[in-house]
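Since the structure comes first, as structure tokens, the remarks are kept for the end.
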Amino acid sequence: MSGYDPKAIESKWQQVWAEERTWEVANPGQPGFDGSRPKSYVLEMLPYPSGEPHVGHLKCYAIGDAIAHFRRRHGFEVIHPMGYDAFGLPAENNAIKTGEPPRETTERSIASFRRQFREWGISIDWSRELGTHTPEYYRWTQWIFLQLFERGLAYRAEAPVQWCPEDATVLANEQVVDGRCERCGTPVEQRSLEQWFFRITEYAERLLADFDLLESWPEHVITMQRNWIGRSEGAEVVFRCGELDLDFPVFTTRPDTLFGATFFVLAPEHPELERLVAGTPAEQAVREYVNRVARESAEERGDEDRPKTGVPLGRSVVNPVNGERIPVFVADYVLMEYGTGAIMAVPAHDIRDYEFAKAFDLPVRRVIEGVDPEVARDDDGLPYLGDGPMVDSGRFDGEGNRAACEEIVEWLAAENRGRAAVNYRLRDWLVSRQRYWGAPIPVVYCERCGIVPVPGDQLPVELPGVEDYAPQGRSPLAAAEEWVATECPRCGGPGRRETDTMDTFVDSSWYFIRYLDPRNTEAAWDRAAADHWLPVDQYIGGVEHAILHLMYARFLTKALADLGHLDVQEPFANLFAQGMITRDGAKMSKSRGNTVSPAEYVERYGADTARTYVCFMGPPERGGDWSDEGVEGVGRFLARLWRLCEEVEARGAGEVEAPAADGDARALLAKAHWAIDKVSRDFERGFQLNTAISAVMELVNETYRVKDALYGEPPGAAAVRFATATAASLIFPFAPHLGAEVWERLHGERVWERPWPQADPELLASDTVTLIVQVNGKLRDRIEVAAGAPREELLALAHESENVRRHLDGKEVVKEVVVPGKLVNLVVR
RNA sequence: GCGGCUGUGGCGAAAUUUGGUAAACGCGCAUGGUUCAGAUCCAUGUGGGGGCAACCCCUUGGAGGUUCAAGUCCUCUCAGCCGCACCA
């Protein structure tokens, strides 16, 4: 008998799958397309190819592959493609350091990823492989940009934006975390720059509403997106500055507090600020304040606990509800990015306004009665954030503030001084980057025609070669003079190309559509292929993409559907967010030196062990700490299955059709069917892969325990063979090489061509059950009873139990609870 | 501050869906077998306490409650993690 040699087994099957292109599927209309079977699109988030794949990749693709195999064997035509999110900063930063072109480092990483995915035995349709950095791909990224541009969904505008000095580029809001660059951790700066945006805010309402269209997404991911979009209902109310003939709309969720407004505040970035103070005594002080704020980092400014600062403008605006003139301030606690960049301040009913009023000795006027000891900061119980009857509010006095909200808005709307409004926290998606390694934005600036889109037939606008990749506050592309200077596609006059490239999140927002028709040179995709395969039935990836990637992809899908290019509103019907693997309790990183290289473990234990281990560590949606001993345990289990197979094979056990089994042989068959049922249910109930694997372990353990007693008789030997083959079949989604090998040895067939086993209900149902006997809810005995035994019999058996009798002795039974087939509880006094 | 998740042996965890045997499976540990020996492998044991034993008591972060019965349901509370946060 030879030992378990994963290397030999794994390379054998990898070769079969590669040569026979086992996992390739055809599109509608292509030869080999099988329209008789339902489709299933199983997709893991595509990797960013940098260096080598890490264990997070292993886990993601192991989970996805298990699902893909499970679905195939349930009769689905599974499409399971792979590609590379290959544009991005690490390759470019490496180029700045070493001079090696990003394309070369990227291609090298891709080769390494590709090789390892094959070594892991992931069932990928390699005919659909793509890289987002290839002109064949980004040509269509550019096409999508132009589609959005034509519909006004891509636009160029000057706006306050976040600038990362380290990466020397602007960032989207989503890519700024705690005032720092999401990628490199450098504090970002605010700048006012002209940039390209995608109008995602136009889709805010649908991005919220269409959560209803999703089949199954983790609730917390939906919550995170909902928070991010940040919808709030309220009113837009116009405050007028008569002296300058200027209207200042504000957004408020509390129109009921309008009568309590005692001052008015503008954000330091407010565009009308200059006009309000020009030539006034306040001009100097305001300018100094604005400059000071501009130098603050986003982090400093975001600190709530900081004392309130600001400067009075010496101007006033009129409160539309009572005609009062209230003074105007500039203060940094008002943000230009939210609402209109101006607020009415109601210190009596808002903590921040209250703090500002105290700092500047401004009047505080209560307009809602009530006390909230939690927030109250003074003896009057102010500020008060709760509900109550209105006071000092003209004709609304005495009314409940909730009801008054609506009435006040109606009244203002009738007078044309306000209206009901909805406001979102979501900002438009800033997509331009002043960097080299990305898809060039396909527009030309012409002195005569302005911004001119590059015509579709001139795509792709290819990335030119450059000498120096270092950004100098502008895109490195700007140095490629010959490339920049071009003809205006409209008038033929001299034009200059846009030198910014697109955010790489644009690339990864549509790759799952390109997979469906990756070699198409005439269109981004064939409509019939997209209509057939979309949406992605099961998407798998890390929760770190809960907002960024997943929201962008949802937006782009909706926009493309509106443009008539797609038939689906949501790209990912079901989402599985895997948990992060840590090492020694900490996130793995090169600087900590606690990384785990999958290649090392694949080399030592085989891919099957590594894959099965990451699925067995714990519930896959939860994180877990990597354990070398744990890997070994899984390796032991697979080796045990292997030895079992060899033993069964060597003995020729169970090769002849066996007569119906009974006794111990039947019990082993029952265990096998129990495992079939358990693994199937665990897959179906939210991918509880850890317990599915443990069920197969139980089956193997049980087979070991009874095999020697069973080999002697044909039904027993057949049961051992069946149990072993079933274990192989059930472990196949996790350990495909071993599963295929064992099944082939025992059945001479290819396990992936076999339907998923069905549990026999007759074998699932046991003839006897363990009756739990309790006295006063405490376990006192367990009795084996016939499965269908009636209530009276169960009670009688319970009363007969010696131990039960002891506990009943001298007591009166006041109640008898019987759960047939399960339990008897005798309540005594 | 708002929202979400988690808390069970020495460790990863199971049972939380349907209230009904707490700790399946794996790791670790212990004992025995195999071996010249070690590794491997095989078998048995392994929440805590008491008892020669049969058995008994305690135990799911903490405190209450509902119930014949609570890890599971309800209320309060503590701790950790994640997201958002001067959002008007």
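The values are calculated or read from the model by the stated rules, or taken from the named source; none is laboratory data. Because the structure is a prediction, the values reported are computed rather than measured. In this analysis, Cβ positions are derived from the backbone assuming ideal geometry, glycine residues included, and neighbour counts consider all displayed protein chains.
One table, with the values for the structure above:
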| quantity | calculated |
| --- | --- |
| Residues of segment A:338-380 satisfying the condition of being among the basic types (Lys, Arg) and farther than 30 Å from A:ASP428 by Cα | A:LYS358, A:ARG365, A:ARG366, A:ARG377 |
| Residues being more than 15 Å from A:PHE197 (Cα to Cα) and either in contact with a Phe, Trp or Tyr (Cβ under 7 Å, 6 or more places away or on another chain) or assigned to a strand (DSSP E or B) (or both) - total across segment A:487-506 | 5 |
| Every residue from segment A:304-329 that is within 16 Å of RNA strand B (Cβ to nearest atom), under 46 Å from the mean Cα position of the chain (by Cα), closer than 15 Å to A:PHE356 by Cα and of a type outside the set (Gly, Ala, Ser) | A:GLU304, A:ASP305, A:ARG306, A:PRO307, A:LYS308, A:THR309, A:VAL311, A:VAL328, A:PHE329 |
| Flag if A:ARG306 is surrounded by fewer than 19 Cβ atoms within 10 Å (Cβ to Cβ), part of a helix (DSSP H, G or I) and not assigned by TED's automatic domain parsing to the domain that holds A:CYS181 | no |
| Residue under evaluation A:ILE343, criteria (1) on the phi > 0 side of the Ramachandran plot; (2) under 42 Å from the mean Cα position of the chain (by Cα), criterion not met | (1) |
| Per-region count, segment A:807-824, residues touching a Lys or Arg at 6+ places or on another chain (Cβ under 8 Å) and near RNA strand B (Cβ under 10 Å from one of its atoms) | 3 |
| Residue within segment A:351-358 that is within 15 Å of RNA strand B (Cβ to nearest atom), in the same structural domain as A:PHE263 (by TED's automatic domain parsing) and more than 16 Å from A:GLY260 (Cβ to Cβ) present | no |
| Segment A:592-621 - residue that is hydrophobic (A, V, I, L, M, F, W, C) and part of a helix (DSSP H, G or I) and, of those, nearest to A:GLU632 (Cα to Cα) | A:ALA610 |
| Residue check, A:ALA759 within 20 Å of A:GLU657 (Cβ to Cβ) and either surrounded by 17 or more Cβ atoms within 10 Å (Cβ to Cβ) or outside the structural domain of A:TRP23 (by TED's automatic domain parsing) (or both) | no |
| Residue satisfying all of: in segment A:28-60; surrounded by fewer than 19 Cβ atoms within 10 Å (Cβ to Cβ) and within 22 Å of A:PRO571 (Cβ to Cβ); farthest from the chain's Cα centre (by Cα) among these | A:PRO28 |
| Filter result (more than 35 Å from the chain's Cα centre (by Cα), closer than 14 Å to A:CYS491 by Cβ and either small (Gly, Ala, Ser) or not in a loop (DSSP other than H, G, I, E, B) (or both)) within segment A:442-478 | A:VAL444, A:TYR445, A:CYS446, A:GLY450, A:ILE451, A:VAL452 |
| Pick from segment A:586-630, criterion small (Gly, Ala, Ser) and within 9 Å of RNA strand B (Cβ to nearest atom), ranking: surrounded by the fewest Cβ atoms within 10 Å (Cβ to Cβ) | A:SER627 |
| Flag for A:LEU385 being modelled with pLDDT of 90 or more and assigned to a loop (DSSP other than H, G, I, E, B) | no |
| Single match in A:ALA727, A:ALA789, A:ALA798, A:ALA723 (criterion: part of a helix (DSSP H, G or I), of a type in the set (Gly, Ala, Ser), within 16 Å of RNA strand B (Cβ to nearest atom) and outside the structural domain of A:ARG666 (by TED's automatic domain parsing)) | A:ALA798 |
| Strands (runs of 3 or more DSSP E) wholly inside segment A:163-267 containing at least 2 residues that are modelled with pLDDT of 90 or more and within 12 Å of RNA strand B (Cβ to nearest atom) | A:232-241, A:246-252, A:263-266 |
| Subset of segment A:631-668 [of a type in the set (A, V, I, L, M), in contact with a helix residue (DSSP H, G or I) (Cβ under 8 Å, 6 or more places away or on another chain) and within 12 Å of RNA strand B (Cβ to nearest atom)] | A:VAL631, A:VAL634, A:LEU638, A:LEU641, A:LEU644 |
| Condition check for A:ASP372: within 41 Å of the chain's Cα centre (by Cα) and modelled with pLDDT under 90 | yes |
| Selection status of A:ARG419, under 30 Å from A:GLY230 (Cα atoms) and at pLDDT below 95 | yes |
| Neighbours by Cβ (under 8 Å, 6+ apart or cross-chain): first from segment A:81-104, of a type in the set (Val, Ile, Thr); second surrounded by 19 or more Cβ atoms within 10 Å (Cβ to Cβ) | A:ILE96/A:TYR469 |
| The lone exception for A:THR280 - which of (1) free of Cβ contacts under 8 Å to residues at least 60 places away in the same chain; (2) more than 16 Å from RNA strand B (Cβ to nearest atom); (3) surrounded by 15 or more Cβ atoms within 10 Å (Cβ to Cβ) it fails | (3) |
